[in-house]
Amino acid sequence: MQATAARVTTILFNKPFGVLSQFTDRGTEGSPRPTLSAYIDLPGVYPAGRLDRDSEGLMVLTSDGALQARIAHPKFKAPKTYWVQVEGEIKEDALHALASGVTLKDGPTKPARAMRMDAPADLWPRDPPIRVRKSVPDSWLSLTLREGRNRQVRRMTAHVGFPTLRLIRARIGEWSVDGLAPGAWRAI
């Protein structure tokens, strides 16, 4: 009798702001923080990479360990595109520095694709909203990385003088957050 192959499940999830990119809260804070389990009830799927609690956007979860490794491991270099709202009007020299790579405390970053952009169309409101200062403008950029250090995008934009106000992962490789509301997921 032939054994049936295990069914592979892969989903795209739009992680809301404030949600941990894991299924349980192992933190030491007094009250539990929201986790993936509040949104996803599929046994056997695990995040392929992480997204900080204060970041939003696309996560891939899968039951395929090889796919998980290809997405999460730096040696495979899956490009990840972020929409970044920064404090101030982003300047050309800052975009050039981000594209060339900047030197952070843990060493130089690899070259990235950095370009100014308009605020994303049909962008959902963030809860809570970002801080707004009437005397300081903000602007948006698209930043595509092929590495994934801890809080890398935030550290890179701060390094060039433009602190991140809002960070949304828009793409991982060929997959996009398009059409997914915060907290929603779809199988692929």
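The values are calculated or read from the model by the stated rules, or taken from the named source; none is laboratory data. Here the structure is a predicted model, which is why all the values come from computation and not from measurement. Heads up, the Cβs are rebuilt from the backbone with ideal geometry, glycines too, and the neighbour counts pull from every protein chain shown.
List of remarks:
- Residue within segment 71-88 that is buried (at least 18 other Cβ atoms within 10 Å of the Cβ), of a type in the set (A, V, I, L, M, F, W, C) and over 30 Å from residue 23 (Cβ atoms) present: yes
- Among the conditions (1) without any contact (Cβ under 8 Å) to a residue 40 or more places away in the chain; (2) exposed (fewer than 13 other Cβ atoms within 10 Å of the Cβ); (3) not in a loop (DSSP other than H, G, I, E, B), the only one that residue 186 does not satisfy is (1).
- In segment 155-177, the residues that are buried (at least 22 other Cβ atoms within 10 Å of the Cβ) and free of Cβ contacts under 8 Å to residues at least 60 places away in the same chain: 156
- Listed by position, the strands (runs of 3 or more DSSP E) enclosed by segment 27-124 include none that has at least 2 residues that are polar (S, T, N, Q) and at pLDDT below 95.
- Residue list for segment 131-159, filter: among the polar types (S, T, N, Q) and within 19 Å of the chain's Cα centre (by Cα): 139, 142, 144, 150, 152, 157
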